[in-house]
Amino acid sequence: MYKKLVLLALSFCLLSGESALAFHSNYSPMAPRQLSYKASHADYSYGLTILPGNSIDSIEGFNRNLPWQTNYYVLDRYILRPVAHGYAMLPQFSRTGIHNFIGNVGELNNTVNNLFLGNFADSGISVSRFAINSTIGILGLFDVATPMGIERREMSFDTVQGRAGADSGAYLMIPGMGPSTERALHGTVVDAWPTYFVSFPISLAFNAISVIDTRAGLIPQEEMIDNSVDPYAQVRTAYLQYHEGKVNPNAAMENKKDENVEEFLDEID
């Protein structure tokens with residue numbers, strides 16, 4: 001009896017020691033998947049699932065409640081979605097003009113952000129697009145540059161940070177704004193600089209139109225999100241994968257290839 005108690009106590013100590021070691025080290029046997037970190041990379045996941053862009057949903061409980069409930073079940077359902085569908089009923093000519101105008105203002109960000117990455121050629125192309133579309137294209141309502149072979153070189157400050165080595169950080173669901181991350185939030189503030197030079201009413205109107213135009217572009221995704229088992233997780237994954245694809249386009253292509261292979265194997269299985 002005494003020996004059994006001793007063996008039981010030793011077993012408990014060994015298990016406790018292994019659990020403590022797993023908790024305090026970068027390796028966790030209970031983690032959903034294992035990632036290799038550089039020695040200088042701190043493990044801040046605390047056992048949470050690592051999402052695309054090394055993001056973690058550390059406040060998922062909060063994100064799923066007030067922010068998600070407000071955005072998905074109130075603001076989007078009763079305001080943004082009806083307005084976006086009404087906007088989509090405008091003549092294609094009008095919607096294209098609005099979309100082009102918004103994109104032309106975005107060339108200012110493309111110019112600066114490409115400079116940050118040392119992409120001087122792309123920055124010059126963005127300047128050329130802005131100059132051509134603002135003049136010949138009548139304030140950007142017409143995209144004259146693209147038919148001339150001057151393609152858009154889109155670059156956000158969020159992508160700049162990502163390519164500089166910054167992880168996405170915590171995933172955020174912001175009331176009235178939607179999905180974001182710590183890194184993307186910083187990028188949004190920086191990329192808003194062109195509107196700092198105009199009056200508040202003009203800035204507000206421009207941002208409102210931009211939101212409606214973007215939301216209208218997401219209409220084809222509504223059915224997929226609404227019919228998913230977990231709309232919150234569906235939006236989170238789509239958002240993070242999209243932005244990670246901007247930072248690591250090659251990795252995104254590899255993931256797409258893997259998905260195609262899996263689909264093919266499923267078909268022949």
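Some observations on this one:
- Failed item, numbered, when Ser168 is tested on (1) closer than 30 Å to Pro91 by Cα; (2) assigned to a loop (DSSP other than H, G, I, E, B); (3) of a type in the set (Ser, Thr, Tyr): (1)
- Restricting the stretch 162-179 to residues that are out of contact with any helix residue (DSSP H, G or I) (no Cβ under 7 Å at 6 or more places or on another chain) and of a type in the set (Gly, Ala, Ser) leaves a set whose member that is surrounded by the most Cβ atoms within 10 Å (Cβ to Cβ) is Ala164.
- The sole residue among Arg81, Arg77 that is assigned to a helix (DSSP H, G or I), at pLDDT 50 or above, of a type in the set (D, E, K, R) and in contact with a helix residue (DSSP H, G or I) (Cβ under 8 Å, 6 or more places away or on another chain) is Arg81.
- So Phe157, is it under 29 Å from Glu223 (Cα atoms) and among the aromatic types (Phe, Trp, Tyr): no
- Among (1) touching a Ser or Thr at 6+ places or on another chain (Cβ under 9 Å); (2) among the aromatic types (Phe, Trp, Tyr); (3) within 16 Å of Ser210 (Cβ to Cβ), the one test that Phe101 misses: (1)
- Scan of the stretch 42-59 for residues that are modelled with pLDDT under 80 and assigned to a loop (DSSP other than H, G, I, E, B), ordered by number: Ala42, Asp43, Tyr44, Ser45, Tyr46, Gly47, Leu48, Thr49, Ile50
- Some residue of the stretch 143-154 being in a helix (DSSP H, G or I), touching a Ser or Thr at 6+ places or on another chain (Cβ under 6 Å) and of a type in the set (S, T, N, Q): no
- Condition met for Gln221 (assigned to a helix (DSSP H, G or I), touching a residue at least 12 places away in the same chain (Cβ under 8 Å), loosely packed, with under 14 Cβ neighbours inside 10 Å and not aromatic (Phe, Trp, Tyr)): yes
- Odd one out for Met173 among (1) of a type outside the set (D, E, K, R); (2) modelled with pLDDT of 95 or more; (3) part of a helix (DSSP H, G or I); (4) farther than 22 Å from Tyr87 by Cβ: (3)
- Residue in the stretch 84-101 that is over 20 Å from Thr146 (Cβ atoms), in a helix (DSSP H, G or I) and under 22 Å from the mean Cα position of the chain (by Cα) present: yes
- Every residue from the stretch 106-142 that is out of contact with any Ser or Thr (no Cβ under 7 Å at 6 or more places or on another chain), of a type outside the set (S, T, N, Q) and outside any helix (DSSP H, G or I): Leu117, Gly118, Ile136, Gly137, Ile138, Leu139, Leu141, Phe142
- Enumeration of residues in the stretch 180-191 that are touching a residue at least 24 places away in the same chain (Cβ under 8 Å) and either surrounded by fewer than 18 Cβ atoms within 10 Å (Cβ to Cβ) or among the acidic types (Asp, Glu) (or both): His186, Thr188, Val190, Asp191
The values are calculated or read from the model by the stated rules, or taken from the named source; none is laboratory data. Everything numeric in this text was worked out from a predicted model, so none of it was measured. Cβ atoms come from the backbone with ideal geometry, glycine included; neighbour counts cover every protein chain shown.
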